[in-house]
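S.K.: One structure follows; several queries about it will come next.
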């Protein structure tokens, strides 16, 4: 199944007092991976016109010991609707697909017209881009709910 893979760097400030990646910083790492999917590389400039997180669910499966390097985040898209979609995440403990999955998560995204101050519809180009990363069922063992 198609998935978009981002490598996100760990920083010294991502760790907690136990030298593990802090739970709140893990959400920031997911955000950095999502930015890579939506805005850089093959993403579309139109998403910069307004894309909001409407919901977030995170399942912490194992601690991630702090170390220099990157973490692998594999993402797929599902539930592409008129003005929203969901991104599923598998955040691995290291940079490789064989590294254990430490976090599963999902974000429900809403398209928004910042200038008009209201939701907007997914364009044909955006729908095509999102469906490129579509997978059913969600990546990983089960969906976060």
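For every residue, the table says whether it meets (1) part of a loop (DSSP other than H, G, I, E, B); (2) exposed (fewer than 15 other Cβ atoms within 10 Å of the Cβ).
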{"site": "2", "(1), (2)": "yes, yes"}
{"site": "33", "(1), (2)": "no, no"}
{"site": "53", "(1), (2)": "no, yes"}
{"site": "87", "(1), (2)": "no, no"}
{"site": "97", "(1), (2)": "yes, yes"}
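S.K.: What number of residues in the range 48-101 are within 19 Å of residue 18 (Cα to Cα), in contact with a helix residue (DSSP H, G or I) (Cβ under 8 Å, 6 or more places away or on another chain) and touching a residue at least 60 places away in the same chain (Cβ under 8 Å)?
M.R.: Of the residues in the range 48-101, 1 are within 19 Å of residue 18 (Cα to Cα), in contact with a helix residue (DSSP H, G or I) (Cβ under 8 Å, 6 or more places away or on another chain) and touching a residue at least 60 places away in the same chain (Cβ under 8 Å).
S.K.: If residue 111 satisfies every condition in (1) surrounded by 13 or more Cβ atoms within 10 Å (Cβ to Cβ); (2) within 26 Å of residue 23 (Cβ to Cβ); (3) within 17 Å of the chain's Cα centre (by Cα) but one, which is the exception?
M.R.: Residue 111 satisfies every listed condition except (2).
S.K.: Report, by residue number, each residue of the range 4-17 that is over 17 Å from the mean Cα position of the chain (by Cα), touching a residue at least 12 places away in the same chain (Cβ under 8 Å) and not in a strand (DSSP E or B).
M.R.: 12, 13, 14
S.K.: Can you tell me which residues in the range 70-79 are surrounded by fewer than 22 Cβ atoms within 10 Å (Cβ to Cβ) and either more than 21 Å from residue 134 (Cα to Cα) or over 15 Å from the mean Cα position of the chain (by Cα) (or both)?
M.R.: The one that is surrounded by fewer than 22 Cβ atoms within 10 Å (Cβ to Cβ) and either more than 21 Å from residue 134 (Cα to Cα) or over 15 Å from the mean Cα position of the chain (by Cα) (or both): 70.
Readers should treat all values here as calculations from the given coordinates under stated rules, not as data from a laboratory. Since the structure is predicted, the reported quantities are computational estimates derived from the model, not experimental observations. FYI the Cβ positions are ideal-geometry reconstructions off the backbone, even for glycines, and counts take in every protein chain you see.
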